[in-house]
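First comes the structure, then the notes that go with it.
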Amino acid sequence: QVQLVESGGGLVQAGGSLRLSCAASGSFFSINSMGWYRQAPEKPRELVAGITSGGSTNYADSVKGRFTISRDNAKNTVYLQMNTLKPEDTAVYHCKAIVTVTQTSPGKYQYWGQGTQVSVSS
């Protein structure tokens, strides 16, 4: 019952920039955290960046200093600003949200976006 709509992917030359966005909609009580993961061929899925409702962030070592994650709680949207892109950043990027469905339910659930392709040419 939670949908994550991603946008912003595309093809860019090395050194360029892209900004990804992910908007959550549906029925839920709160979003506990949101993050971006990426999956490249023959590589395991990895966490790129995450952010909590309180604003704490975490980044993969490979993107520190180049990528910035931010969150607009009023819009239930998370962004990933990607600068100085490298060919190694080429992957399908997926948004993930961890949500509490109702106020009285102790369970937390993960929802994933459909993914957006980021391709960086050399």
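Of all DSSP bridge pairs formed entirely within the chain, close to 90 percent run antiparallel. Note on the chain: Lys pairs 8 or more places apart or on different chains, Cα atoms under 25 Å apart, count 9. Calculated on the alpha-carbon coordinates, the convex hull of region 1-46 measures out at 120 cubic angstrom per residue. Evaluated at q = 0.16, 0.18, 0.22 Å⁻¹, the base-10 log of the normalised Debye intensity for the chain, with identical point scatterers placed on the Cα atoms, takes the values -0.72, -0.88, -1.25.
Only the Cβ atoms of Lys and Arg (+1) and of Asp and Glu (-1) were treated as charged; on that basis the dipole of the chain about its Cα centre amounts to roughly 140 debye.
Taken together, the values in this text are just the output of simple stated rules run on the coordinates, not laboratory data. Keep in mind it's a predicted model, so treat the numbers as computed, not measured. Using ideal geometry, Cβ is built from the backbone for each residue, glycine included, and neighbour counts are taken over all protein chains shown.
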